[in-house]
Structures are given as C-alpha cells and as structure tokens.
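For reference, the structure is listed below as structure tokens.
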Amino acid sequence: MIAERQTRVLNNVQAINEALDLALERDPRVVLFGEDVGVMGGVFRASDGLQQKYGEQRVFDTPLAESGIVGFGIGLAMAGLRPVAEIQFAGFLYPALDQILSHLGRMRHRTRGRFSIPMVIRAPYGGGVKTPEQHADSPEAILAHVPGVKVVIPSSPERAKGLLLAAIEDPDPVFFLEAIKLYRGVKAEVPEGYYTLPLGRARVVREGDAASLFCYGGMVEVCQKAAEVAAREGVELEVVDLETLVPLDTETIFASVQKTGRAVVVYEAMRTGGFGAEVAARIAEEALDYLQAPIVRVAGWDAPYPPFSAVENYYRPDARRVLEAVQKVLTH
Amino acid sequence: MDTVQYLDDQGKPLQDLPLSQEELLLGYRALRRARHFDERALVLQRQGRLGVYPPFRGQEAAQVGVALCLQADHDWLLPSYRESAAALTFGMPISRLILSWRADPAGWGAPPNVNMVQFYIPIATQIPQAAGVAHAQRLLGKDAVAAVFIGDGGTSEGDFHEGLNFASVFGAPLLVVVQNNGWAISVPTHKQMKVKRIAQRAQGYGIPGVVVDGNDLVAVWSVAREAVARARRGEGPTLIEALTYRVAPHTSSDDPSRYRTEEETARWQQRDPIMRMKNCLLHLGLWSEAQEAELTEALEGEFLAAVEEADQAQEPKPWEIVEQVYAEMQPDQKAAWNYLRGEV
Ligand SMILES: Cc1ncc(C[n+]2csc(CCOP(=O)(O)OP(=O)(O)O)c2C)c(N)n1
C-alpha cells in the first residue's frame, strides 16, 4: 500500500520532521519537548516550524536538564499524554540514566501494568561529522541493556518516517537514535502521508551469499559501500540492517547466517560490550552450526570516541575495515 | 522563616483553628489509623510476615495532613518508601500496602481509582516525574494536582532541583513536601546542607516556600490545603517543609543507637503528633476515652481483615518475572516465560 503512494525526495531530518508533524496532527495527546526544540526547531531542525503550527502547549522548550526532561516526560506519559522528548545529543543522555534505568524502562513492571510510559526519546548519535566531545557517542548498548524499553535506529528517510510514527504509537518507551551522519547525508523517495513500519524487524538491504554484514544506523551506508567494492571482485555480500535492536529480529539474522555461513558485525561504538557483541553471542548460541568461520566484529576501539576530529576516521569503522573482516571470514 | 503552628507542644490550640469539628475528628482518626498500621506492620515484620519495612512513626501528621487535601481519583500521589501513611490516607487499601511491603507484585499496582504510583525507592527520582504528571493535568484541562514527598537527605539529589525548576518554569500544580526528620539514615541534616531551612530554597525557583510544624496536623492540613488551592487556581507549585522526626528506626533493619541519642528521640516523643491532636480534641470537648477505645477496636478489626485478605493473595508465580515488561510480550520475554512455566 505504501508502495503505491506518491513520494517526495527527503533527507532524514526532513522525514523526521514530517513524521513529527503528522503525529502532532493526528493525536492531540502528542507533545514535543526538549532543549531548543521550540522557537529554534531543534539544533538539527527536526522540529522546525512545529511550534508555530501547534503552539507552545504542544511543542515546548525545557530547561537544560536531561534528567528533568526524561523524568518530566515519564510523568506526562503516566498521566495520559504521548510525550516525544528530544535529547540534543545521545551523548548527553547520561545525566538521565537514573530516570531511564530506574523508571522509564520499569514503570509498567513496577506498577504491574497500572502505569505505562508510551514515550519516545529521540537523540542524534554517532560520528563521522567532526563534532566536539560526547557528541559522537553511540550509547545504544547501554540503552539496549535497560529492561522494558525498545531501541530503534533507522538508516534511511523512508524507514525513519515510518518507524518514528510506529514508535510514537507504541505503548512502551522507545529510544529512537538518529545517525547524525545520515541526517543530511542521504536523500531518498519518501511516501507521502501517514504510515508506520513495524518495530522489531530487521531487513535485508542487499542480498548476497558470500558473507553477512550485520549493521544499523550510520554503519548501513558503510557496509553497503563495502559490499559494492566486494561485488566488483565477484564477492556478493549480504547486508542486514538490524533497525530495531530491542526487540531483536533474530529470525532474519539466523536466516542470513544460514544462507551465507559467515557473519561480520559492524557497529561504531566501542567494541567491548557493544551491541554487536550481543548479535555475535546470539549467532553463536543459536546458529553456530551454520557458521563456516568465526564471527568477526568491526567496531570502534576501546577508547572514548576521539575528541580530536582529525583522526576520527581511524576510530569509526569504514569500508576498508569491513572488507578486512570479510577477508578474514572468507579465508578462515 | 516563621513556622506555621496551630497547636502547642501539648496540643493546646494557640489560636482559632482553621478546621471544622468534623475535620478535626476526621483528621485524628486518620492519624490513629496510620499509627495503627505502622505499629502492626512492624509486628508483622518481626513475625517474618513482611519484608524490610520503613516505619514512619512520628511523621504521621506530615503525611496525613497533605493526603487529606487530595482526592485519590482526581489528584496524584507519588510517594517515596516512607509514605505509607500518605498512601493509606490517600486511599490505598491496607491489604495492598501489606502486599507491597511483602514485595509481592499483587501489591505493586494501585487500584484504578487511586492515582498513586508504587513507592519510589531511588531517592528524588519522582520529583521531575511529579512535575510532569502535574503539568499534564493542565494540558488535559483538569484542575487536578500532584503531591510528592521527599526526605531532607533527598533534597541533595539533582532530581530534586531539576524537578522543582521544571515545576516552577511550567507553573505545574505540584506540592513538594519535604519531611525534614533530621536524618538521612545516619547523616544529620547539617551534614547534608548548609542552608538552615529547606523551604528557603523555594526562593531560588521563584515559588512559595512554607515551613510548617510537621507534628501539628492542623498546621500541615491548613498549609497543604492552601497550596492545593493555589495549584488548582493555576498559580503553580509550592515547596512545603514539614519539621518532624522519625522516632522509629530508618527501616526495620536499622539500629539508630549507632548514630543518635535516646534523649533526642525522647524529646521528640514529647511532641508526638497523635498525642497533640488527641489533647486538642479533649481540650475542645470533642473526644473521650470511650471513643478512643472504640476507635482502637475498629482499627484492629480493619487491620486483621486486611491481613487476612493479603494472606489470601496467590503467591507470585516465577513467570511473573517477565510479565508486564512490555505491553505485549516480546520474543525474549516469551522464551523466558515458556521456560519458567516449564520449570514448575
Ligand atoms: C539514589 C539513592 N541513593 C541511596 C539510597 C539509599 N538510601 C535509602 S534511604 C536513604 C536516606 C534518605 O534520607 P531522607 O531523604 O532524609 O529520607 P528519610 O529516610 O529520612 O525519610 C538512603 C541514602 C537510595 N534509596 N537511593
């Protein structure tokens, strides 16, 4: 049905802005807030024009206080609203971790369903754009480790729009991480009007039989680039965009491993304890028999994301490092 | 800052009381009910029929006085672990409170007509949430208010300040009640902060701050009533500091002799909120020992019936661990659920 719609070429921020607009229009319970989201429309302009359109009651600036923003949103949600909070950069979620761990993820459980938190927390994440300290952090593994939340990381404008609308409709708290590199870095045809895409599904963005590349967010582009290079050598790599980390679509992952027998997991957060470790562990637990080589991870190094941008390219995985890993799994 | 007080240390009215005779009697009964619960809960705990329990003895008036101003199906209460008295007065059934302190999930949720969130264990986290709940009332066009309690120690946490700031910036209909009981486990208030009065902090947020004798039910009730009225009128939050004392230990597993003197506790016992209220009623000719005996009997009957009800609650099942994590069970929870069901 979506396929039959009219489309427009949008980048990721525009697609997200459109999703927020449609959500505000459709459901009067939706409120948008965070630092600079109102008059200014957000530092990346994700909420551009929305305060003018929906008023200060629905789209508002908050004091600069992340724990306050998340806690306030939890209260709004408990009382029956549909809060969509923006944390200016995912690396600034840390002051709110108490609210996230102690309440956001467990309010439904700790009140036996009496109160739930249908809240979305959007945050730009990831590197590749030469930002100051903390701005390039990828804290998805920390968030995925919180019971009771969902974690979604779109990699294209069409997906971002539909997934964000689904996240806002979702009865549980959803972290919606948006790769900064992709905000204006990708453009694509986006269906017009309101539509949702299901959470909890991974998707094969490129078919192949030589090895599977598992990735999400900003790394999808990198893996696709690697696959193009490999294809010139006659090696067809399968690229799987995990898209939702929690709940994780292991079926699609295992099916791909079964097909290719080789797995490379790519993520830009620090390697140890990163989400890719979870993907590798699941494959090892459930799909080991399909494997013809050990699983290889390509990730950031075990160090803070470099605050000196001249060398960030050495930290963030690129196509070359992905191909080295592919080489490793192919020649095992 | 002046301390609002209506009763002297013995309970004699210092001035005309702002409450009707019915209200005075209602208030006294609520105090006694809270005390009865607390005493009996400690007994249950010693019998091994309750988990760790945080008693509130000495702080009844500070909690009951606020809860008496709220309507459970309209207003909101976000209590910390010490506020069983507030919860009880607000409308939480005794059986649920017992189950809650048994760490039985059957006691974790409030009934649908009681807008109370399960007791918060991490300190101060409920303050920004309460600001959100309060603000939502205005967005939803309701005149409901939210009330939240915190201890003196809890005011050192960042969330206390973030929550108050949010409430004040958004003009949220919120009551933040600090029960200043002098101690945060073993740490005295003067090691917690350099300010003399926590209520002074209200000035930093541009909202009213009031200091009230937390062992004087009449004073707490009247101060809270005014704050609720202001909030309902859309005039924003109020910070109330109730000066009180927990005569009881911090929790049922605490030994206060390690950090405070018996003399201090005894001194506060001389200002017991229930004794003062009873003396007030006796002074006004509204109460008798016969009524007292009748009340005790009724409270004991109510409590025993609640224990019986709680005892009948089904033991939680192992698979409940993974229930209510998401609105709909996700694959990982489902797998765990199936496993746990197979185990038993
Ligand atoms: C965030 C957090 N840190 C530490 C604790 C452990 N703890 C429980 S009660 C308490 C003292 C609280 O004192 P206060 O806020 O004055 O409240 P009171 O117990 O006196 O009512 C502490 C440190 C906790 N529950 N939460």
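The values are calculated or read from the model by the stated rules, or taken from the named source; none is laboratory data. Just so it is clear, the structure is predicted and the values come from calculations on it, not from any experiment. Here the Cβ is made from the backbone with ideal geometry for all residues, glycine too, and neighbour counts use every protein chain on show.
In the set B:Gly141, B:Gly153, B:Gly107, B:Gly158, only one residue is within 14 Å of the ligand (Cβ to nearest atom), more than 8 Å from chain A (Cβ to nearest Cβ) and among the small types (Gly, Ala, Ser); that residue is B:Gly153. With respect to the stated conditions, A:Val129 fails to be in a strand (DSSP E or B) and within 30 Å of A:Arg316 (Cβ to Cβ). One residue alone among A:Pro147, A:Pro139 is at pLDDT 95 or above and within 14 Å of chain B (Cβ to nearest Cβ), and that residue is A:Pro147. Out of the residues in the stretch A:56-74 that are closer than 16 Å to A:Phe175 by Cβ and over 19 Å from the mean Cα position of the chain (by Cα), which is nearest to the other protein chains (Cβ to nearest Cβ)? Filtering the stretch A:56-74 for residues that are closer than 16 Å to A:Phe175 by Cβ and over 19 Å from the mean Cα position of the chain (by Cα), the one nearest to the other protein chains (Cβ to nearest Cβ) comes out as A:Gly71.
Filter the stretch B:171-193 down to the residues that are more than 16 Å from the ligand (Cβ to nearest atom) and of a type outside the set (A, V, I, L, M, F, W, C), then identify the one that is surrounded by the most Cβ atoms within 10 Å (Cβ to Cβ). Out of the qualifying residues, it is B:Pro173.
Is it the case, given these coordinates, that A:Ala77 is more than 8 Å from chain B (Cβ to nearest Cβ) and under 15 Å from A:Val149 (Cα atoms)? Criteria not met by A:Ala77. Reported count of residues in the stretch A:92-101, each being more than 12 Å from A:Gly148 (Cβ to Cβ) and either facing another protein chain (nearest Cβ under 7 Å) or within 15 Å of the ligand (Cβ to nearest atom) (or both), is 5. Quick check on the stretch A:102-119. Is at least one of its residues more than 9 Å from chain B (Cβ to nearest Cβ) and part of a helix (DSSP H, G or I)? Within the stretch A:102-119, one or more residues are more than 9 Å from chain B (Cβ to nearest Cβ) and part of a helix (DSSP H, G or I). Only one of the numbered conditions (1) touching a strand residue (DSSP E or B) at 6+ places or on another chain (Cβ under 7 Å); (2) within 14 Å of another protein chain (Cβ to nearest Cβ); (3) within 16 Å of the ligand (Cβ to nearest atom) is violated by B:Thr244, and that is (2). Just so you know, in the stretch B:110-132 the residues that are more than 16 Å from the ligand (Cβ to nearest atom) and surrounded by fewer than 22 Cβ atoms within 10 Å (Cβ to Cβ) include one that is farthest from the other protein chains (Cβ to nearest Cβ), and it is B:Asn113. State yes or no: is A:Val43 assigned to a helix (DSSP H, G or I), more than 14 Å from chain B (Cβ to nearest Cβ), among the β-branched types (Val, Ile, Thr) and out of contact with any His (no Cβ under 6 Å at 6 or more places or on another chain)? No.
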